[in-house]
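The values are calculated or read from the model by the stated rules, or taken from the named source; none is laboratory data. Note that the structure is a prediction, hence the values are computed from the model and not measured. Glycine gets a Cβ as well: all are built from the backbone with ideal geometry, and neighbour counts include every protein chain shown.
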C-alpha cells in the first residue's frame with residue numbers, strides 16, 4: 001500500500017501544467033473512479049476531461065488511484081447503501097455481488113458490460129445515484145487539495161528555476 005501511494009505521488013509531482021487544469025483532472029478522476037461504472041471508467045474519465053478541459057493524465061491517474069482492489073468493494077457497498085436509502089427500490093446485495101464477481105474476474109470488456117447491463121435500470125439507478133452522491137464530496141475535496149498541491153509545486157519549481165538562473169549569472 002505504501003509503495004502504491006509513493007508511486008502515485010511520484011506520478012503526480014511529475015505532472016506539469018496549469019494547477020487548475022490538473023486539479024480539475026484529479027476531481028474528475030476521483031468522481032468517476034468512485035462511481036460504480038467500472039467497465040466504463042477510462043472512457044468516462046477521458047470524455048469528461050475533454051469536455052471540461054481538464055488534464056486527461058491527472059484524471060486517469062486519480063481514477064486508478066481511488067478505484068483499485070483495496071477500495072472497490074467498499075465503494076460499491078457504500079454506493080448500494082446510499083442508493084437504496086435515496087430511492088424507493090430495495091436492491092439486494094446478492095445481486096450486486098454477482099456482478100462484482102464478474103468484474104473482478106478475467107472477464108472481457110463485453111462480458112463485464114453485459115453483466116452490468118443485466119442488472120436492469122432500477123439496479124443501475126440505485127448504484128449510480130448512490131455512487132455519485134458518495135463521489136461528489138470526495139471529488140470536491142480532491143479538487144481543492146490538488147489545486148493547493150499543484151500551486152505549491154509550481155511555486156517551488158519557479159523558485160528553483162529562479163535560483164538556478166541567478167547562480168548561472170554569477
Given (1) under 12 Å from the mean Cα position of the chain (by Cα); (2) within 20 Å of residue 144 (Cβ to Cβ), where does residue 67 come up short, assuming only one miss? (2)
Has the stretch 62-84 got at least one residue that is surrounded by fewer than 20 Cβ atoms within 10 Å (Cβ to Cβ) and touching a residue at least 60 places away in the same chain (Cβ under 8 Å)? yes
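To keep it simple, each residue is scored yes or no on (1) part of a loop (DSSP other than H, G, I, E, B); (2) touching a helix residue (DSSP H, G or I) at 6+ places or on another chain (Cβ under 7 Å); (3) within 28 Å of residue 155 (Cβ to Cβ).
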| position | (1), (2), (3) |
| --- | --- |
| 5 | no, no, yes |
| 9 | no, no, yes |
| 78 | no, yes, no |
| 97 | no, no, no |
| 115 | no, yes, no |
Within the stretch 108-156, can you find the residues that are farther than 28 Å from residue 12 by Cβ, over 22 Å from the mean Cα position of the chain (by Cα) and either modelled with pLDDT of 90 or more or buried (at least 16 other Cβ atoms within 10 Å of the Cβ) (or both)? 119
Considering the stretch 34-64, residues that are outside any helix (DSSP H, G or I) and within 16 Å of residue 138 (Cα to Cα), and then whichever is nearest to the chain's Cα centre (by Cα), we arrive at 35
Count - residues of the stretch 29-54 that are buried (at least 20 other Cβ atoms within 10 Å of the Cβ) and under 26 Å from residue 158 (Cβ atoms): 3
